[in-house]
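*Asks:* One structure, as C-alpha cells, below. Some questions next.
What follows is calculated from the coordinates using simple rules that are stated; it is not laboratory data. Model, not experiment: these values are computed from the prediction. In this analysis, Cβ positions are derived from the backbone assuming ideal geometry, glycine residues included, and neighbour counts consider all displayed protein chains.
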Amino acid sequence: MDYILLTVFVLGYLGIALEHNIKIDKAASALLTGTVLWGLFVLGYQEIPPHLGEMFADFSSGSHGGHGSLSQFYEHRLMHHMQEISSILFFLLGAMTIVELVDAHEGFRVITDKINTTSKVKLMWIICILTFFFSAILDNLTTSIVMISLLRKLVDDKEMRWLFAGMVVVSANAGGAWSPIGDVTTTMLWIGGQLSTSVIIINLILPSLVAMLVPLVVLSFRLKGEVVRPVYHNTLGSEPTTKFERNLVFAVGVGGLLFVPVFKTATHLPPFMGMMLSLGMIWLITERLHHKKNVELKSPLSVIGVLRKIDTASVLFFLGILLAVAALQEAGHLILAATSLRETLHDIYLIDMAIGLLSAIVDNVPLVAASMGMYEIVQPDMVTDVWSAAFVQDGAFWQFLAYCAGTGGSALIIGSAAGVAVMGLERIDFVWYLKNISLLAILGYFAGAGVYLLMFAL
C-alpha cells in the first residue's frame, strides 16, 4: 500500500506539472490526488500505523469512551488536518478578496504611479526588494497575492510577467524566512520555543537576503529592454472612483493586511481570524462609501461583486495539494523521510539542507513539524557534545532549519504556499517555472546557505 500511495502521489504531481500538455486543469489533478490518497489510506491501512498508535489509544479511551473505531479515528485525523487546511484557505480567500477590492478601486495606483521606470532590470529590482521586505511584515502568501496584483498593472506581456512572478516567489520565501511572522514554518519554530525573535531576525536576514540577491543579479544580466505597461479600458466611465475613495480603500486594505500578524500576536487566534476581521471592516466601509451610487456603479466596487472575480479554482487547487500531503503524513512517509535523513546524513547542516530541498516536493509545514517531533529542545545543562549543542533553544539546527525550510520551497513552484498561490493566480506552467526559475532559486538557496555556514559553522 505504501508504494501505491507514492505512485498516486507522483502521478498526481505529473498531472499538475503537465497541465498544458494533457489539457486538464491542475485543480482537477490536485483534487483527485488528494481525495484518492485519503480513500486509499483509509481502505488500505486496516491496522493502525505505528506512529499513530498512541494517538489512536488516546482517541479510543478518551473521546469515545473506549469505543472509537479505526474508521472514526481516520475521520478524526482528516478533520484535524482540515482545521489547518481550511484555516489556510479562508486566509487565502480573505487576502484575495481584500486585494481584489483595492484593485477594483484602483487603489494600487498609489504605488504604480510612483514606479515610473519601464526598464526591465530596474523594475525587477524594485519588485523583488519590495516583496522581500513586505513578506517579512505581512507573510509570504499575502505578499505574493499583493505583488501579483501590482504586476498586472506594470507588465503586459504574459511570459515576462511570469518571469517577474517567479522572482516574486523567490523573494517572498526569502523575505519570510527571517521574520517570525513571515513564513508559517518560521512561525512554528518561534511559537514552539525553538527560536526567539531576535535570533531569527539578526542571524537569518543576511542569508535570506543573499538567497534573493544571487538569482536577482544573475537574472539582471539576461534582462534587456523595456516592459510594456497594460492599457486599461474603463467600462464604468472615466473615473469610477475618486482620489479620496482610492486612497481610503488602499489605506484600509493594506492596514487590514498589516493588522493580521498584530491580531494573531495579541489574541493567539489563527491568522485567518484577523484576515476575516479585516475583510469585515473593509466590507463595511466600502458599503457605506458607495451606498448612494446606482447599482451599475456600485456592484463592481462591492465585496459581493469582487467575490465573483475570485479565482475559486486556485483555492480548490490549494485544497487538493494540502490534502495529498496530509495523506502522506498520516501514512508515515514524511516521518520516514525525516528519520532516513537523520540516519544517513550525520551532520545537522546537511539534514537541514536536505529538508529544505525536500520541501520543494512536499509541503514544508509537515516536514518541519516532523523535525520538531523527532528532535527535542535540549536544555543547556544537558549539553554533552557538539551535536546536542545544536538543539538548544536558538541552536544552529533550528536556525538553519528555519532558513532552509523557508527558502528551499522556491526550487519548485508547488513547493511553497506563495508558489502555489502565484501559480493559481497567474496560471503559470509548472514546466516553464522549472526551466526558467528553479535553477536560479536553487543557486540562491545554496548561496544563502553558504553565507550562514560562513557566519556560524566555519
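*Asks:* Could you please state, rounded to a whole Å, how far the C-alpha centre of the range 391-415 is from the C-alpha centre of the range 260-282?
*Replies:* Computed from Cα coordinates, the inter-centre distance equals 26 Å.
*Asks:* While we're looking at this one, here's another question. Let me understand the range 86-307 better: what is its radius of gyration from the alpha carbons, and its Dmax, in angstrom?
*Replies:* Here Rg and the maximum Cα pair distance are 18.4, 55 Å.
*Asks:* Would you work out the relative contact order for the chain, in percent, from Cα pairs under 8 angstrom that are 6 or more residues apart?
*Replies:* Relative contact order here is 25 percent.
*Asks:* May I pose another question? Any idea how far apart Met455 and Ala389 come out in nm if each label point goes 7 Å out from Cα toward Cβ?
*Replies:* The modelled label-to-label distance comes out at 1.9 nm.
*Asks:* If I fit a long axis through the Cα atoms of helix 53-62 and take the longest principal axis of the Cα atoms of the chain, what angle between them do I get, 0 to 90°, rounded to 10?
*Replies:* 80 degrees
*Asks:* Rounded to the nearest 10 degrees, what's the angle between the helix 243-267 long axis and the longest principal axis of the chain, both from Cα atoms, 0 to 90?
*Replies:* Approximately 20 degrees, to the nearest 10.
*Asks:* Still on this structure, please answer the following. Wrap a convex hull around the Cα atoms of the chain, take a quarter of its surface area, and give that in square nanometres.
*Replies:* Average of the hull's projected areas for the chain equals 24.1 nm².
*Asks:* List the longest stretch of the chain that has no exposed loop site; here a site is one of the trypsin sites (Lys or Arg not before Pro) assigned by DSSP to anything other than H, G, I, E or B, with at most 11 other Cβ within 10 Å.
*Replies:* It runs 309-458.
*Asks:* A further question on this structure: Given a Förster distance of 30 Å, report the FRET efficiency between Glu54 and Leu345 from their Cβ-Cβ distance, rounded to the nearest 0.05.
*Replies:* Computed FRET efficiency for Glu54 and Leu345 comes out at 0.65.
*Asks:* So what does log10 I(q)/I(0) come out to for the range 285-385 at q = 0.12, 0.15, 0.20, 0.24 Å⁻¹, using the Debye formula with one equal point on every Cα and no solvent?
*Replies:* Debye curve over Cα of the range 285-385, log10 I(q)/I(0) at q = 0.12, 0.15, 0.20, 0.24 Å⁻¹: -0.61, -0.73, -1.01, -1.21.
*Asks:* In whole angstrom, how far apart do the alpha carbon centroids of the range 96-123 and the range 293-350 sit?
*Replies:* For the range 96-123 versus the range 293-350, the Cα centre distance is 25 Å.
*Asks:* For the chain, give the magnitude of the charge dipole about the Cα centre (Cβ charges: +1 Lys/Arg, -1 Asp/Glu; no others), in debye to the nearest 20.
*Replies:* 1920 debye
*Asks:* Cross-link list Lys23/Lys298; Lys158/Lys264; Lys114/Lys224; Lys23/Lys293: which exceed 32 angstrom alpha carbon to alpha carbon?
*Replies:* Lys23/Lys298; Lys158/Lys264; Lys23/Lys293
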